[in-house]
Amino acid sequence: MSLQVVSAVSNSSLLQPGFSLLNFAGHVFFFGQKGWPKRSCPTGVFLLDIKQNELKMKPAFFSNDSCYLPPLRYPAVCMLRGSAVSDENQYIIHGGKTPNNDLSDKFYIMSLVSKNSKKTTFQCVEKDLGGDVPEARYGHTINVVHSRGKTMSVIFGGRSYIPLAQRTTEKWNSVVDCLPSVFLIDFEFGCCMSYNLPELQEGLSFHVSLARNDTIYILGGHSLQNNTRSPSLYKLKVDLPLGSPAVTCTILPGGVSVSSAIVTQTNDSEFVLVGGYQADNQKRLVCNTIVLEDNKIEIVERASPDWTPDIKHCRMWFGSDMGKGSVLLGIPGANKQLISDANYFYILRCQGAEDEEEEELTAQICSQTPTEDPGDSTPFEDSEEFCTESNSFDDTDTYNEDDTEDESETGYWITCSASCNIDINTWVPYYSTELNKPAMILCSSGANHWVHAQCMNLSESMLLHLSEANVKYFCNEHVDLNKGLQTPKKVMHLKKQPMKPLRKMTNMKLTTPVKKSFLRRLFE
């Protein structure tokens, strides 16, 4: 195992605890930034370009028929192979936290549409499911199992907010362990089924799960109820006959007491368990090799890399699996350092010496396409538990240097006014020009803030006119103020021809009889 320092030269402030890495066509993509996407990359998905120990992040794009995918931190992510002979793959994404700290309960299927040297395009589709749909959560896992020629996805664990009826002002954002139910999901028919097993008595989150054929192994994890890290090793076996599916659970010896660990696959049947926490405020610096065979799992301790003093003494760390036996690790830098980017990054390579030499010849850190689904590799979550005001990460987002507006003002999902009714979870396109975000317009009041065109009751023709014309716009709340500040328009008076003196009428001949008394009053 070797540890290599990498310098993040662009967009590195987006790499915060809870991100995920996706492998498409031999390339690694970043998903789950902290904060809402900005104009330079509205999708929030980036290609990780690593050359000569420098990490650069290049924006990726979505196709026109894609749904909106918010940046989700701590979601459940799993690879879904198209077929045994095809190199094409998809990713299932469920749950996670949005930048507003809302929890998502949606399912997304993400696939690669096209890629060239300048542009990468994805398609993202939201899946509607029926039955026992899992509640919104984060810190859980999702795996794919194969049995009797059928394929299903399995969800287990995670955390969620306490029910609305139990929320108070002091405990509004308090989280609890989800019930230890096992969910089977059939994306082909769009249905979900839940199973309560007697062997699973307490909820777990930020555990590790590995899948092979029809079996899933669950080890580690943290329980909020007992504040413990379970040493148990669970074996879930899923049978998919013609009738109803069957799920059984067996508790095996030889588990590992760890939470928020990362698993990377080194070959068809071998995995490496890296990092995590073995107790509160205590990192786990020991590594393990996990060997999966048919109906058998073996976990042995292996030699750890030569951890740097910064890694040994830091209070928290985070990262994710890059594929091909490599892991991207991050630690917080010194609080007093001059640069705003306060994270240091390392690449841990778990391959042998020959594989490492071959990997150094490639410009990209490529992903391995396994014959069996390797399961989910959960990022280090406990960094969320240990992140306090004194050591919290810098929330400055500098990847869009040309964007001078603050993210809180230009975000598409802000509350733009008192009558704002735009909700990221229920919004649908209103104008023909909208795709995956609502149309906004700048109010020219003193603060220059953005408002949703739909909330301002603007017609589509008026919206197009305002976007094309060089005129100032004032929202409904500032339109009266604007009228009071306006200078009255200058009224152009028509030039009138002077009337001829009436006295000259005395020289005129009257065509009709006029009384002398009337003429006398007229000229007096």
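Here VAL77 meets the list (1) surrounded by fewer than 21 Cβ atoms within 10 Å (Cβ to Cβ); (2) part of a strand (DSSP E or B); (3) out of contact with any helix residue (DSSP H, G or I) (no Cβ under 9 Å at 6 or more places or on another chain) almost entirely, failing just condition (1).
Of the strands (runs of 3 or more DSSP E) lying entirely inside the stretch 135-253, those carrying at least 1 residues that are open to solvent by 50 Å² or more (accessible area, probe 1.4 Å) and of a type outside the set (A, V, I, L, M, F, W, C) are 141-147, 150-156, 191-196, 233-239, 246-252. Of the residues making up the stretch 42-65, those that are open to solvent by 10 Å² or more (accessible area, probe 1.4 Å) and in a loop (DSSP other than H, G, I, E, B) number 7. Mind telling me which of the residues ILE142, ILE92, ILE155 ends up being over 18 Å from the mean Cα position of the chain (by Cα) and within 29 Å of CYS249 (Cα to Cα)? Result of the check over ILE142, ILE92, ILE155: ILE155. Only residues that are in a loop (DSSP other than H, G, I, E, B) and over 25 Å from LYS56 (Cβ atoms) were counted in the stretch 301-315, giving 5. Confirm whether SER114 is over 25 Å from LEU240 (Cβ atoms) and over 17 Å from the mean Cα position of the chain (by Cα). When the stated conditions are applied, SER114 passes them.
Which is open to solvent by 30 Å² or more (accessible area, probe 1.4 Å), in contact (Cβ under 8 Å) with a residue 12 or more places away in the chain and within 25 Å of GLY255 (Cα to Cα), of SER304, SER326?
So the residue among SER304, SER326 that is open to solvent by 30 Å² or more (accessible area, probe 1.4 Å), in contact (Cβ under 8 Å) with a residue 12 or more places away in the chain and within 25 Å of GLY255 (Cα to Cα) is SER304.
Only one of the numbered conditions (1) at pLDDT 95 or above; (2) open to solvent by 30 Å² or more (accessible area, probe 1.4 Å) is not met by ALA84, and that is (1).
Out of PRO245, PRO180, which single residue is at pLDDT 90 or above and either β-branched (Val, Ile, Thr) or farther than 17 Å from ALA76 by Cβ (or both)?
Of PRO245, PRO180, the one residue that is at pLDDT 90 or above and either β-branched (Val, Ile, Thr) or farther than 17 Å from ALA76 by Cβ (or both) is PRO245.
Among the residues of the stretch 119-128, is there at least one that is farther than 30 Å from ASN64 by Cβ, assigned to a strand (DSSP E or B), of a type outside the set (S, T, N, Q) and open to solvent by 10 Å² or more (accessible area, probe 1.4 Å)? No, the stretch 119-128 contains no residue that is farther than 30 Å from ASN64 by Cβ, assigned to a strand (DSSP E or B), of a type outside the set (S, T, N, Q) and open to solvent by 10 Å² or more (accessible area, probe 1.4 Å).
Of all the residues in the stretch 11-28, those that are of a type in the set (A, V, I, L, M, F, W, C), assigned to a loop (DSSP other than H, G, I, E, B) and within 16 Å of the chain's Cα centre (by Cα) number 2.
The values are calculated or read from the model by the stated rules, or taken from the named source; none is laboratory data. Values in this document were obtained by computation on a predicted structure and should not be read as measured data. Methodologically, a virtual Cβ is constructed for each residue, glycine included, from the backbone with ideal geometry; neighbour enumeration extends over all protein chains shown. For the accessible areas, the whole protein counts, side chains as well, though only heavy atoms, and no ligand, DNA or RNA atoms are used. Shrake-Rupley method; radii C 1.70, N 1.55, O 1.52, S 1.80 Å.
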